[in-house]
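Notes for the one structure printed next.
Just so it is clear, none of the values below were taken in a lab; they were calculated from the coordinates. All of these numbers come straight from a predicted model, not from anything done at the bench. Glycine also receives a Cβ, built like all others from the backbone with ideal geometry; neighbour counts cover every protein chain displayed.
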Amino acid sequence: MTETSEKNRIRILAIESSCDETAAAVVENGRTVLSNVISSQIDLHTLYGGVVPEIASRKHIERINQVIEEALRDADVSLDEIDAVGVTYGPGLVGALLVGVAEAKAISFAAGKPLIGVHHIEGHICANFIEYPQLEPPFACLVVSGGHTHLVLVRDYGVYDIIGHTRDDAAGEAFDKVARAIELGYPGGPKIDRVSKEGNPDAISFPRAKIAGNAYDFSFSGLKSAVLNYLNGCRMRGEEICVADVAASFQKAVTDVLVGHAMTAVREYGFQKLAIAGGVASNSALRRAMEEACAKEGIAFYRPAPILCTDNAAMIGCAAYYDYLRGIRSDYSLNAVPNLKLGER
């Protein structure tokens, strides 16, 4: 290794704790993941049917030092070899975010390394850069997760135009609520995805919402209510409910809207590249439908591996790297911002 090539290495220690995953990673030059450690709390929160914020925060406190130590060990680097510390500071659960932010500030101060606050959704978008080292802006990106559904035009690194967002429930939130209604349990997304493979997606006609005033906005509360009304109607009439058909029909309704909005956007704005990101981006039906639609339109399609769709710190390290190159730094007044908007600082 020459001195010049060593100097060209920028290593980011990244921390993610926005919800119920305690994660740390070391990312080199934005796209090479040296380590990516995730400590999940899913089994714990499954007992309660969803994430309990206070429990999540306490578990982050218990695990964060161990997760960071493991990430550094797996990457075979010390804090002295780290160039900056990146951390998610919003959006997310305020208590959970605070654990990560406090840890990052402490490490930054003790090690004398720059601190970079990262937007969680920007991290999800940047997961595509890790999966596809050749990918460069501009491109369109559909972000679908438990708390967010955004249609974003990625103009450049760190430069975003949000052309559509959910007016009520996010797609992942709708998955969780419907899964609970058909007694599949938490987390709803993976369980509906699995059960849907045994059902008929055309068995039940559920609505596809259209929003007046913005063709790119989303709404899933009406779809959720339609599923609940269908279930209640069957029970009142004493009719048998086919859970697989309900799951498959609901999933197809969500997928049709997501794919339709995304394809309309790439056509209208003239983009030749479309990416997806976020937890729901690991849904097999969505990935398949989006791939088919892009192939039909001649659009290049990008989707991160499922491990990079879930909350992880590697994506935060990627986003922090490009902020680092742009000279963006945070001071020690950095705080958790649970409702942080994409593009805000």
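Listed by chain and number, the aspartates and glutamates whose alpha-carbon sits under 17 Å from that of K273, ignoring those within fewer than 8 places in the same chain, are E131, E136, D156, D161, E291, E292, E297.
Fewest-first ordering of V52, V259 by other beta carbons within 10 Å of each residue's beta carbon gives V52, V259.
Listed cross-link partners K191/K224; K177/K341; K197/K341 are compared with a 28 Å cut-off, the Cα-Cα value being larger for K197/K341.
Taking other C-beta atoms within 10 angstrom as a stand-in for reagent exposure, C318, C309, C242 fall in the order C242, C309, C318, fewest first.
Taking a point 7 Å from the Cα of N8 along the Cα-to-Cβ direction, the residues of segment 46-88 with backbone N closer than 20 Å to it are 82-84. Ranked by how many other Cβ atoms sit within 10 Å of their own Cβ, fewest first, the residues L223, L325, L258 fall in the order L325, L223, L258. For the chain, a simple Cβ point-charge model (Lys and Arg +1, Asp and Glu -1, everything else neutral) yields a dipole of about 680 debye relative to the Cα centre.
The residues neighbouring C234, those whose beta-carbon lies less than 14 Å from its own, together hold a net charge of -2 under the Lys/Arg +1, Asp/Glu -1 convention. Across segment 242-304, the relative contact order, built from alpha-carbon pairs under 8 Å that are at least six residues apart, equals 37 percent. The separation of segment 175-253 from segment 139-161, counted between C-alpha centres, amounts to 25 Å. Label zone of D74 (point 7 Å out along Cα→Cβ, amide N under 19 Å): in segment 95-119 this covers 100, 104.
Seen from F220, the other residues with C-beta closer than 15 Å to its C-beta sum to a net charge of +1, counting Lys and Arg as +1 and Asp and Glu as -1.
Mean separation of Cα pairs under 8 Å and 6 or more residues apart, divided by the residue count, gives segment 134-305 a relative contact order of 26 percent. Each label point was placed 7 Å from the Cα along the Cα-to-Cβ direction; for Y132 and L228 their separation is 3.8 nm. Look at the alpha carbon pairs under 8 Å that are at least 6 residues apart: their mean separation over the length of segment 213-345 gives a relative contact order of 18 percent. What does the net charge come to around E103 if you take all other residues with beta carbon closer than 15 Å to its beta carbon, with K and R at +1 and D and E at -1? So the surrounding residues net to 0. How much FRET efficiency would the formula 1/(1 + (r/R0)^6) give for N200 and E297, where r is the Cβ-Cβ distance and R0 is 22 Å, rounded to 0.05? Once the sixth-power term is evaluated, E becomes 0.25. Full extension of the chain segment joining D256 with E183 gains 23.9 nm, where the gain is 0.36 nm per residue of separation less the Cα-Cα distance.
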